[in-house]
Amino acid sequence: MNNYPPRVLTIAGSAAGGSAGIQADLKTFQELDVYGMSVVTAIVGRHPETDKNVHPQTIEAIEAQFVTALKQVGADGLKTGMLFSKEVIEAVAALVKDAAIENIVVDPVMVGKLDSKLLKDDAIDALKSSLIPLATVITPNIPEASILLDDRPLNSVADLKQAAVDLHALGAPYVLVKGGRLTGPAIDVLYDGNTLITFEAPRIDTVNTSGAGCTYSAAITAFLAKGKSVTEAVGLAKSFVTTAIEHGFSYTEMVGPTYHAAARKYGEAHQIKIEKF
Ligand code: PXL
C-alpha cells in the first residue's frame, strides 16, 4: 500500500465561469485531497441560454482523454456531469463499462441555473438505458428527477421519496434525489432498494448556488474513492457543499459561484440531520 491520494476522474463540460462543470469538480477534488483528472465533453461559452453556446467535443477527443487518464494514472472513482448528446452518452457508457471502475457517480445534468440547455431531449433515453445502469449512485435534482419520471411533478419530500424508489428501477443501486429547490430546510432523499434516508441541512438564504450540484456530486465521488460508504459519502458531501453555498460569492449581478475552499477556510459549521425510514 502507498499513501498516494485516491484517483478520481470527471467526465463533464467545461464551464468557463469556473463555478460548475469540470472546474467545480477539480476544485472540489483538490479540496478533498483526491487526485483529479478530467475528460472534457463540451465547452460551454458565455451566458448559455440556448444550446448555441455549447461546443461539443468529438467522440474521438472524448475517448482519447479517457484512455489517457486511465492509462497514465488509473481511477478509483469517476463522475459524469454534462454529456450533452446521445452519442456522447453512449460512447462514455461503453468506455466506463470496459474500465470496470468501482465507484461511479452519474449526475444526470440537464439544465443549468441560467436555464442553459446541457442535454439534448433525445438523450434522455440513452441516459436511462446505457449510463444509469452502470452507476453506483445517481444524483438528480428535482427537475432532472421529474424528467426521468416522464414529467412527474415533485412538490414535497414525500414526492421525492416516491421518486427515489421509482428511479431505483433504472438500475443504479443508490438514488439520491436532491430537494434543494423545495422551500424549507434543504432535504435530500437517498434510496438503496431497502431503506429511505433523508439528509437535512438548513436552507442558506443566498442566490449564489451556481455549480452546487456539480460540487456535491464531485464531493460524493471523492469520499467514495476514499473508501466511505455511499451513505457516509452523501452526508460528508452535503456538509461540504452546504458550507460552500454559505460562503458563495456575488462577483457580478449573475448567480454567483459557491466557495469550494469554504470548509477548509472556515470549518464546516453544518450538522447534517440524517434519518432512516
Ligand atoms: O451546473 C450545471 C452545469 C454543469 N456543467 C456545465 C455547466 C453547468 C451550468 O452552467 O456549464 C459545463
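Structure data summary
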quantity: Count - residues of the stretch 150-165 that are closer than 23 Å to K120 by Cα and surrounded by fewer than 18 Cβ atoms within 10 Å (Cβ to Cβ); calculated: 4
quantity: Residue within the stretch 126-134 that is within 25 Å of G211 (Cβ to Cβ), touching a His at 6+ places or on another chain (Cβ under 9 Å) and of a type outside the set (A, V, I, L, M) present; calculated: no
quantity: Single residue of the stretch 234-260 satisfying the filter (of a type in the set (A, V, I, L, M) and within 12 Å of the chain's Cα centre (by Cα)) that is farthest from the ligand (Cβ to nearest atom); calculated: V234
quantity: Residue within the stretch 98-107 that is out of contact with any Ser or Thr (no Cβ under 6 Å at 6 or more places or on another chain) and crowded, with 22+ Cβ neighbours inside 10 Å present; calculated: no
quantity: Filter pass, T231 being assigned to a loop (DSSP other than H, G, I, E, B) and over 15 Å from the mean Cα position of the chain (by Cα); calculated: no
quantity: Qualifying residue in the stretch 215-226 (condition: over 27 Å from G74 (Cβ atoms) and either of a type outside the set (D, E) or at pLDDT below 95 (or both)); calculated: no
quantity: Selection status of I197, touching an Asp or Glu at 6+ places or on another chain (Cβ under 6 Å), open to solvent by less than 40 Å² (accessible area, probe 1.4 Å) and over 20 Å from E31 (Cβ atoms); calculated: no
quantity: Restricting the stretch 173-185 to residues that are in contact with a Ser or Thr (Cβ under 9 Å, 6 or more places away or on another chain) and surrounded by fewer than 23 Cβ atoms within 10 Å (Cβ to Cβ), the residue that is farthest from G81 (Cα to Cα); calculated: L182
quantity: Test: residue in the stretch 189-202 that is farther than 26 Å from L149 by Cα and out of contact with any Cys (no Cβ under 6 Å at 6 or more places or on another chain); calculated: yes
quantity: Residue check, T41 at pLDDT 95 or above, near the ligand (Cβ under 10 Å from one of its atoms) and within 16 Å of the chain's Cα centre (by Cα); calculated: yes
quantity: Residues located in the stretch 234-277, provided they are among the hydrophobic types (A, V, I, L, M, F, W, C) and assigned to a strand (DSSP E or B); calculated: I274
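Here's the yes/no breakdown for (1) basic (K, R); (2) closer than 30 Å to P5 by Cβ:
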{"residue": "K161", "(1), (2)": "yes, no"}
{"residue": "L167", "(1), (2)": "no, no"}
{"residue": "L170", "(1), (2)": "no, no"}
{"residue": "L182", "(1), (2)": "no, no"}
{"residue": "F199", "(1), (2)": "no, yes"}
{"residue": "I220", "(1), (2)": "no, yes"}
{"residue": "L224", "(1), (2)": "no, yes"}
{"residue": "L236", "(1), (2)": "no, yes"}
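The values are calculated or read from the model by the stated rules, or taken from the named source; none is laboratory data. On a predicted model such as this, the values are computed, not experimentally measured, just so you know. Methodologically, a virtual Cβ is constructed for each residue, glycine included, from the backbone with ideal geometry; neighbour enumeration extends over all protein chains shown. The accessibility values were calculated without ligands, DNA or RNA, using every heavy atom of the protein model including side chains. Shrake-Rupley method; radii C 1.70, N 1.55, O 1.52, S 1.80 Å.
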